[in-house]
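S.K.: Attaching a single structure in C-alpha cells format; questions to follow.
The values are calculated or read from the model by the stated rules, or taken from the named source; none is laboratory data. Treat the numbers as computed from the prediction; the structure is a model and nothing was measured. Cβ atoms come from the backbone with ideal geometry, glycine included; neighbour counts cover every protein chain shown.
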Amino acid sequence: MLAGSVMLAILVASYLSCVDPLQIDCNIDNDDHTAKWMQSTDKKSPMELISEVPVIEVDARVVACEGGRDPALGHPIEYICLDGDHPAVCKYCGLRYSLRDAHGHH
C-alpha cells in the first residue's frame, strides 16, 4: 500500500514539474452564470424558494433531516435539536422544523 502512495506522489510531482503554474487558470468564473440567472425576473432565488416551504412540525425534540424524501437527492443526515423558541433550520437545505405542542398546534 505504501508503494502505491509513493508512486502516486511521484506521478503528481512529475506532472506538476511539467506544468507551468502561470498557465493554470484557477479562477473559474461562475459570476456570468449567476448574473444571467438572477437577471430573470420570473425566477426566484434559492432563499425565496426555500422560504415558501412551510415549517415542518414534528413531535420529537430531535429531527433527522436528509433534505427530502428521496435519499439520492438529499444531503448528509443533520440531527437538529428543536428546544429553541423559533423553528430550527437545516444547515444543508434550509428546511425549517419546529416542535408541535401537546395540543397539536404551535
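S.K.: Has region 46-66 got at least one residue that is of a type in the set (S, T, N, Q) and at pLDDT 65 or above? Full working, then the answer.
M.R.: Our first condition is that a residue be of a type in the set (S, T, N, Q); within region 46-66, this holds for 51.
Then drop every residue that is not at pLDDT 65 or above, which leaves 51.
Checked region 46-66: at least one residue is of a type in the set (S, T, N, Q) and at pLDDT 65 or above.
S.K.: Sticking with this one: Would you mention how many residues in region 42-56 are over 15 Å from Tyr97 (Cβ atoms) and in a helix (DSSP H, G or I)?
M.R.: 4
S.K.: Let me ask something else. Do we have Ala64 as of a type in the set (A, V, I, L, M), touching an Asp or Glu at 6+ places or on another chain (Cβ under 8 Å) and without any contact (Cβ under 8 Å) to a residue 60 or more places away in the chain here?
M.R.: Details: of a type in the set (A, V, I, L, M): yes; touching an Asp or Glu at 6+ places or on another chain (Cβ under 8 Å): yes; without any contact (Cβ under 8 Å) to a residue 60 or more places away in the chain: yes.
Against the criterion (of a type in the set (A, V, I, L, M), touching an Asp or Glu at 6+ places or on another chain (Cβ under 8 Å) and without any contact (Cβ under 8 Å) to a residue 60 or more places away in the chain), Ala64 qualifies.
S.K.: Among the residues of region 57-101, how many are more than 20 Å from the chain's Cα centre (by Cα) and not in a strand (DSSP E or B)?
M.R.: Looking only at that region, the number is 10.
S.K.: How about region 56-79: which of its residues are acidic (Asp, Glu) and surrounded by 10 or more Cβ atoms within 10 Å (Cβ to Cβ)?
M.R.: Taking region 56-79 first, the residues acidic (Asp, Glu) are 57, 59, 66, 70, 78.
Within region 56-79, Glu57, Asp59, Glu66, Glu78 meet the criteria.
S.K.: Out of the residues in region 81-93 that are farther than 15 Å from Ile50 by Cβ and of a type in the set (A, V, I, L, M, F, W, C), state the one that is surrounded by the fewest Cβ atoms within 10 Å (Cβ to Cβ).
M.R.: Selected residue: Cys81.
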